[in-house]
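Below is one structure, written out as structure tokens; comments come after it.
The values are calculated or read from the model by the stated rules, or taken from the named source; none is laboratory data. Values in this document were obtained by computation on a predicted structure and should not be read as measured data. Quick reminder, even Gly has a Cβ in these numbers, built from the backbone with ideal geometry, and neighbours come from all protein chains shown. For accessibility, only protein heavy atoms count, side chains too; no ligands or nucleic acids. Shrake-Rupley method; radii C 1.70, N 1.55, O 1.52, S 1.80 Å.
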Amino acid sequence: MKHIKEFSRFADVYSRYNSVQKQVAQELAALIKGHPKHIVDLGCGSGTLYKELNFVPETFLGVDLSEKMLEEHPKEKGVELWCDSFDDAALFRKLQNRRFDVLLSSASLQWSKDLGAAFEKIAHLHKPIALTLFTSNTFKTLHDEAGTQSPLYSRDEIQALSQNYFGVDAHFSEYVLRFKNNRELFNYLKKSGVSGNEKQLNYKETKRLMREYPVDYLEFEVAFIVKESA
């Protein structure tokens, strides 16, 4: 799955901050085999993945730590929403008693405080999975220019954890998002949520980087982890 998708941003930039996340959700939804009747989505947010399903499951449990995001999630028949953290063992104890066919997670698990522990708890559910998460190669040029460290897990770390807990290789896709100017690019960084809102630079350093950033794009790398049988 090693390939590069390129997006260009033109007008109406402020309504398109989740363009890459939406593309990733579309690709993840396309990987779901058959039409599972009962689905769990960890880190469901405002329903990006749910909206990309080309079928209607009987039950859909969306889990997210943000009540504000859950308020935006579709509330259709069969949809249930829990405000919980995927780093919390109590959530997985509840899921042990939950009937579901597949566990999904789109572009969320990169924010786990302990990805190995999260993967271990997911593996213990003994269900098919389809997961995506951003790697530390996301915004690589930005971090190189700023001299900052990505808060995300590396490609090698994710691959090792996937093999250890799920017995499958992770596959990786790259995306490039182009902008008209540096101001638009840095507005995206503030609004998209991909950066995790971590502020590693002060105001002066940020202004310098905005002036001197050498390219008109941001790059993203996403790990896809799919296991079709429990």
Which count do you get for residues in the range 27-52 that are free of Cβ contacts under 8 Å to residues at least 40 places away in the same chain, open to solvent by 50 Å² or more (accessible area, probe 1.4 Å) and closer than 26 Å to residue 93 by Cβ? 0
Does the range 168-185 contain at least one residue that is in a loop (DSSP other than H, G, I, E, B) and at positive phi? no
Go through the residues of the range 53-66 one by one and say whether even a single one is open to solvent by less than 20 Å² (accessible area, probe 1.4 Å) and part of a loop (DSSP other than H, G, I, E, B). yes
Within the range 23-41, can one find any residue that is polar (S, T, N, Q), under 17 Å from the mean Cα position of the chain (by Cα) and modelled with pLDDT of 95 or more? yes
With respect to residue 46, determine if the residue is touching an Asp or Glu at 6+ places or on another chain (Cβ under 6 Å) and assigned to a loop (DSSP other than H, G, I, E, B). yes
Being open to solvent by 60 Å² or more (accessible area, probe 1.4 Å) and outside any helix (DSSP H, G or I) is the filter; apply it to the range 102-159 and report the residue that is nearest to residue 227 (Cα to Cα). 127
Any chance you could count how many residues in the range 81-101 are closer than 18 Å to residue 230 by Cα and touching a residue at least 24 places away in the same chain (Cβ under 8 Å)? 7
Output the number of residues of the range 169-201 satisfying the condition of being open to solvent by 30 Å² or more (accessible area, probe 1.4 Å) and at pLDDT 85 or above. 8
